[in-house]
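Take a look at the structure set out below.
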Amino acid sequence: MAEAVCAHCHGTGWKISVSEGVSSAEPCECRGEARSKALLANAGIPVNYTAASIDNFVLPRDNPAGRAAMADVVLTVRTYLREYPVLDRPGLLFIGSPGTGKTHLAVAALRHLIQRGFEGLFFDYQNLLDQIRSGYDKGSGIIDREAYRTALDAEILLLDDLGAHRVTDWVEDTVTSIITYRCNHRKPLIATTNLRDPEAGDRRGSGLDADIHSKFFLEERIGMRARSRLFEMCRIVRMPQVEDYRIRRRQ
Ligand SMILES: Nc1ncnc2c1ncn2[C@@H]1O[C@H](COP(=O)(O)OP(=O)(O)OP(=O)(O)O)[C@@H](O)[C@H]1O
Ligand SMILES: [Mg+2]
Ligand SMILES: [Zn+2]
């Protein structure tokens, strides 16, 4: 498909105007648009979520308590976006059961910020670890600098499904160092997880409570240090118990 050429600058990115015989150039508005389009295309957002936005996030209709709690969640995200980048805590951590819209809202936030000109990258946690591991040279102990550096350096990092991986020392070290680095440099991290955490109101226990969502605690999967940094740097967004949207949509 042919790229439409901007009618104002004819694709040069500069608008030339002539006033009193003197010509001057000023940056064309299309620059911003072209930049955010390119940033979005390179952000690694999975196809399923390329349209995810806050505006198309639907509040549950049949569950008043769930609806009110979800409206609160949306408000927290909107507030974060409005205040960005001047924030007490530079990150957002979505915690909750599968299908409650964590990835949807996390991507919506990322897309919003990219459209404002910030650079952001989406990483599936498992994928990121696989990429780092595949570049891990057992002999030299050197890890794949590229995937690893990208996770450290990205202006905004979205880590989706944090902890969805069996913990090993190696995983724990890697995640701790990524989160610590980002925390120390106040680099925004948006993360989602369906693991439990006492600070998000989850109790250790069994019975009914235990099969609400994962029986694992965040700390058990990513380690105590990474977990503690994460809570230090993120506003916590606890998703209410609402019906799995994937199931709701099929009905
Ligand atoms: N409230 C909502 N309004 C519109 N679409 C939604 C809503 N909640 C979820 N969805 C859609 O339902 C699907 C599942 O949601 P999503 O992937 O965000 O869930 P999740 O909480 O990340 O689940 P998991 O823990 O399994 O990763 C996605 O396609 C998402 O866009
Ligand atoms: Mg998800
Ligand atoms: Zn232009």
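Remarks
- With the helix formula -39500 (n - 2.57) applied to DSSP H stretches of n ≥ 4, the chain reaches a computed 222 nm mean residue ellipticity of -12500 deg cm²/dmol.
- Residue among 230, 64, 85 farthest towards the positive dipole end of the chain, charges placed on Cβ: 64
- Ranked by how many other Cβ atoms sit within 10 Å of their own Cβ, fewest first, the residues 158, 75 fall in the order 75, 158.
- Crossing angle, helix 224-233 versus the chain [Cα axis fit, 0-90 degrees, rounded to tens]: 40 degrees
- Under 14 Å from the Cα of residue 37 - aspartates and glutamates, other chains or at least 8 residues apart: 3, 29, 119
- Neighbour-count ranking [beta-carbon atoms within 10 angstrom, fewest first] of 181, 80, 148: 181, 148, 80
- The relative contact order of the chain, computed from alpha carbon pairs under 8 Å that lie at least 6 residues apart in sequence, is 24 percent.
- Here residue 249 and residue 155 are evaluated by their C-beta separation; at R0 = 30 Å the FRET efficiency comes out at 0.35.
- Residues whose placed amide H lies under 5 Å from that of residue 190, excluding near-sequence neighbours: 92, 157, 158, 159
- Dipole in debye (nearest 20) - the chain, about Cα centre, beta carbon charges: Lys, Arg +1; Asp, Glu -1: 400 debye
- Each Lys or Arg adds one and each Asp or Glu subtracts one; over the other residues with Cβ under 9 Å from the Cβ of residue 179, this totals +4.
- Electrostatic bookkeeping for residue 86 treats Lys and Arg as +1 and Asp and Glu as -1; over the other residues with beta carbon under 14 Å from its beta carbon, the sum is +3.
- Considering only beta bridges that DSSP places wholly inside the chain, some 30 percent are antiparallel.
- Cα-based helix-to-principal-axis angle, 125-134 vs the chain, degrees rounded to 10: 80 degrees
- Free-standing Cys, the chain [no other Cys Cβ under 4.7 Å]: 183, 234
- Given charges at Cβ of Lys, Arg, Asp, Glu: the chain dipole, positive-most of 165, 28, 132: 165
Bear in mind that the values in this text are calculations on the coordinates, not laboratory data. Keep in mind the model is a prediction, meaning the values are calculated, not measured. Using ideal geometry, Cβ is built from the backbone for each residue, glycine included, and neighbour counts are taken over all protein chains shown.
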